[in-house]
1. Please tell me if Asp329 is surrounded by fewer than 20 Cβ atoms within 10 Å (Cβ to Cβ) and either under 15 Å from the mean Cα position of the chain (by Cα) or assigned to a loop (DSSP other than H, G, I, E, B) (or both).
2. For region 188-201, indicate whether the set of residues that are surrounded by 24 or more Cβ atoms within 10 Å (Cβ to Cβ) and in contact (Cβ under 8 Å) with a residue 40 or more places away in the chain is non-empty.
3. Applying the selection to region 315-326, what residues are more than 22 Å from Phe222 (Cβ to Cβ) and either in contact (Cβ under 8 Å) with a residue 12 or more places away in the chain or assigned to a strand (DSSP E or B) (or both)?
4. Considering only region 332-357, how many residues are touching a residue at least 60 places away in the same chain (Cβ under 8 Å), surrounded by 18 or more Cβ atoms within 10 Å (Cβ to Cβ) and in a helix (DSSP H, G or I)?
5. In region 215-252, how many are without any contact (Cβ under 8 Å) to a residue 12 or more places away in the chain and within 15 Å of Pro327 (Cα to Cα)?
6. Go through region 160-192 and count every residue that is farther than 17 Å from Glu313 by Cβ, touching a strand residue (DSSP E or B) at 6+ places or on another chain (Cβ under 8 Å) and in a loop (DSSP other than H, G, I, E, B).
7. Where in region 52-159 are there helices (runs of 4 or more DSSP H), lying fully within it, with 2 or more residues that are under 28 Å from Asp273 (Cβ atoms)?
8. Counting only residues that are over 13 Å from Pro18 (Cβ atoms) and out of contact with any Cys (no Cβ under 7 Å at 6 or more places or on another chain), how many does region 271-286 have?
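The values are calculated or read from the model by the stated rules, or taken from the named source; none is laboratory data. This one's a predicted model, so the numbers in the text were calculated from it and none came from an experiment. Virtual Cβ from ideal backbone geometry, glycine too; neighbours counted across all protein chains shown.
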Amino acid sequence: MTARETPESIVVVLGTRPEIIKFAPVIRECLARDVPFTLVHTGQHYSRELDRVFFEQLDLPAPDVHLDVGSDSHGRQTAAMLEGIEDVLVDVEPDVVLVQGDTNSTLAGALAAAKLNVDVGHVEAGLRSFDREMPEETNRVVVDHVAEYLFTPTEETRLYLEREGVAGQVVVTGNTVVDAVYQYADVAAEKSTVLDDLELSPGEFCLLTAHRAENVDHPDRFRSLLAGVAQFADLTGHEVVYPIHPRAQSRLDEFGVDVPDEIRVIDPLDFLDFLRLESTAALAFTDSGGVQEECCILGTPCVTLRYTTERPETVYVGANCLAGLDPADVVAAGSLMLGKQPDWTIPFGDGRAAERILDALTEVETDTDTAAATVTPTETTATETLQ
């Protein structure tokens, strides 16, 4: 990659709590380097109070613009974001718009920028589940093909983009979630009281997250998912704690689905409390890509309640198992992963992804071969990382 002038203005677009977490190291790096930026929150996750807590815990500045889009159909939500983001870009005239991941906020930010001939930087580019039934898969593919900068977390994701012939410049940076976990895991252990509050002991409970549309928007799938986790809990004697996403709660109410007694439903958690539960759970059941990554980094075995994943590296290293939704398969996968020692190599980098992203955006010249080599440590395991 050739050297570039430092951007006079960057716009960061985010809209969900996972995006706040994964953008936190990038925002902190901008502050450290005095790189000016405008932070736009679309409001895709519409609990503004909980979002505010995330910004405070991560020690981030409040958003400069909050669009308050909220929940709606994919088309209407994305359209409202496009309109609001376009207004910001016309006013700010940035050099680069940074988006992260695969949400509707990501898609809207990238499209608004591309239509105005503003460079797009895609953080966590190249992920593929190869399941076009997932709206997130469409978002990933579209954003990668309009982006000027594609910041991939692994060599495998770089190869996916190479095969697709993307026009933008690809840099293997590692994943900013590693940066975030490294920066905040000790803070969570020190400050979070969630274990005492919920009367939980480390290693004696399991964690559940389920929020994806392909699971919770279909009552039979949602029931099957919950039944499998409950049967596992009954078999092993491990209580399951489920911090429920507002979308999932609304679907339970709409469908009249009862959560089995073996699963304790609690309110959504702030970042530090959730990180603490992830790091001390015996096992995590999830349909979240981010949770798959975080558990891999933290050394917590994971069972993914889907038939595909855009984080296959977690499976390759032995940190994760794809179970699908059939209750018997969920129980079998949970039994396989429970008690697994976290001796796997972390495939998502060395905690310096944000540095590499800013290097690529500024006049610092980045050696992509060196980056690719250094972001996949071969000797660091999940057990060693947080000791």
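1. Judged against the criteria, Asp329 is not a match.
2. Checked against the condition, which is being surrounded by 24 or more Cβ atoms within 10 Å (Cβ to Cβ) and in contact (Cβ under 8 Å) with a residue 40 or more places away in the chain, region 188-201 yields no hits at all.
3. Residues satisfying the conditions are Tyr316, Val317, Gly318, Ala319.
4. 6
5. Count: 1.
6. 2
7. 104-115
8. 6
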